[in-house]
Amino acid sequence: MLVLGIESSCDETGVALVEWEGATLPRLASHALHSQIAMHQAYGGVVPELASRDHIRRVLPLAQTVFDEAGKRLADVDVVAYTRGPGLAGALLVGAGVACALGAALNKPVLGVHHLEGHLLSPFLSADPPEFPFVALLVSGGHTQLMRVDGVGDYDMLGETIDDAAGEAFDKSAKLMGLPYPGGPWLAKLAEQGDAMAFKLPRPLLHSGDLDFSFAGLKTAVLTQAKKLGDELEARKADLAASTQAAIVEVLLKKSLSALRDTGLKRLVVAGGVGANRMLRQQLDAACAQRGVRVHYPELHLCTDNGAMIAMAAAMRLQAGMQRPTDVYAFDVKPRWPLYSLQESSQATEP
Ligand code: ATP
Ligand code: MG
Ligand code: FE
């Protein structure tokens, strides 16, 4: 089986081909990505209208690239998958529209994929894929969730952020320090030259006794600290970045360990853009090694948005018999779409 996957939920246009036979784990045949980051940087964030227009420009040439690289033709595709949500409505409509048009033209069924399920299952594309069941730490630009995962589509929420996501905490703090958008990777880089103990920043909900997160207060504390530093901020920026990163990482680490303890599971899967953070990886690796827990990550270049994870999520759903693709090409997108609602709709015939 060959699945073409299209991702266009935000500021990355991603297209990929994933292939499998029988019960073998689907594998990536090829993928291509165009990031709009440079285009949005001038505005300090994503401009939805510009994002949609750029997806339209990029998606078909990217598709051509993945077919060329995999040595496949459009006619070889069995199912066309696209990100149905959550994300920016106009941006999602581009991927959905192109996917359904291709499906209709090729007379092949289509399948709408949940973007977060894409992130969640992306570690299955790595050289060291996980096995079910596991605890998942999903840390992206818009989400921070701990889940118990027993299989494809079998997700139990253990805790989530009550305000900002971890990626947002990185990005907003970075913005306060005058770093480019999206600030996460920039802040992480600057932090390497700083002292993580330099500033005392809060670890919100660290001792709350549950698995929920909160990062809004941390951002406020960084703002207060930046104001206090005034002219000195420039000279102390690396220290502030290091202290901010340490606060975010400590909360993510401790809550993940609590989730592992509570569930008794010995496997942790980290997914989403913040999963690329080196300090987070180092600390999780060290703490989990001590506890006999295996940790799995997506390949570094597949942590942030991409088409491979969408094609993979579709492939794993199809393989698990969780969802039938549809040949009804009337589509809608779901800009807001909680992951837990997948549970109920998994067996449904709707796209
Ligand atoms: P969602 O998936 O929740 O809809 P999104 O698609 O915007 O949101 P991702 O693409 O998964 O999120 O991840 C982007 C986020 O990851 C940004 O907030 C970015 O700053 C952050 N990020 C990427 N690399 C790093 C890093 N090395 N350290 C910290 N944060 C990082
Ligand atoms: Mg992005
Ligand atoms: Fe994402």
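What to note about this one:
- When the residues of the stretch 176-224 are filtered to those that are within 16 Å of ligand 3 (Cβ to nearest atom) and assigned to a loop (DSSP other than H, G, I, E, B), the one that is nearest to Leu138 (Cα to Cα) is Pro182.
- When residues of the stretch 125-137 are limited to those that are crowded, with 24+ Cβ neighbours inside 10 Å and within 16 Å of ligand 1 (Cβ to nearest atom), the one nearest to Leu253 (Cα to Cα): Leu137
- Any hit, the stretch 289-308, residues being farther than 30 Å from Phe132 by Cα, more than 16 Å from ligand 1 (Cβ to nearest atom), in contact (Cβ under 8 Å) with a residue 24 or more places away in the chain and surrounded by 15 or more Cβ atoms within 10 Å (Cβ to Cβ): no
- Residue among Asp128, Asp78, Asp68 that is away from ligand 2 (no atom under 16 Å from the Cβ), touching a Ser or Thr at 6+ places or on another chain (Cβ under 9 Å) and either more than 30 Å from Leu257 (Cβ to Cβ) or in contact (Cβ under 8 Å) with a residue 40 or more places away in the chain (or both): Asp68
- Candidates Ala165, Ala136, Ala196: the one that is in contact with a Gly (Cβ under 7 Å, 6 or more places away or on another chain), hydrophobic (A, V, I, L, M, F, W, C) and on the phi < 0 side of the Ramachandran plot is Ala165.
- Filter result (assigned to a loop (DSSP other than H, G, I, E, B) and among the polar types (S, T, N, Q)) within the stretch 1-59: Ser8, Ser9, Thr24, Gln36
- Verdict on Gly321 being more than 23 Å from Met157 (Cβ to Cβ), at pLDDT 95 or above, more than 17 Å from the chain's Cα centre (by Cα) and not in a helix (DSSP H, G or I): no
- Considering residues of the stretch 327-343 that are in contact with a Leu (Cβ under 7 Å, 6 or more places away or on another chain) and at pLDDT 95 or above only, the residue farthest from Gly142 (Cα to Cα): Val333
- Hey, Ala242 of a type in the set (Gly, Ala, Ser), within 16 Å of ligand 3 (Cβ to nearest atom) and in contact with a helix residue (DSSP H, G or I) (Cβ under 8 Å, 6 or more places away or on another chain) or not: no
- Sole exception among (1) on the phi > 0 side of the Ramachandran plot; (2) within 16 Å of ligand 2 (Cβ to nearest atom) for Leu302, by number: (1)
- Near pairs, Cβ below 6 angstrom, 6+ apart or cross-chain, from the stretch 152-169 (farther than 17 Å from Gln343 by Cβ) to any residue that is of a type in the set (Val, Ile, Thr) and at pLDDT 95 or above: Thr161/Thr144; Ala165/Thr144; Ala166/Val139; Ala166/Thr144; Ala166/Ile248; Ala166/Val274; Gly167/Val274; Ala169/Ile248
- Residues of the stretch 40-58 satisfying the condition of being away from ligand 1 (no atom under 15 Å from the Cβ) and of a type outside the set (Val, Ile, Thr): Ala42, Tyr43, Glu49, Leu50, Ser52, Arg53, Asp54, Arg57, Arg58
- Test set (1) within 21 Å of Pro335 (Cα to Cα); (2) not in a helix (DSSP H, G or I) - Asp150 fails condition number: (1)
- Apart from one condition, Val249 fits all of (1) over 19 Å from Lys189 (Cβ atoms); (2) surrounded by 16 or more Cβ atoms within 10 Å (Cβ to Cβ); the exception is (1).
The values are calculated or read from the model by the stated rules, or taken from the named source; none is laboratory data. As the structure is a computational prediction, the values presented were derived from the model and not from experiment. Counting neighbours? That spans all protein chains shown, and the Cβs are built from the backbone with ideal geometry, glycine included.
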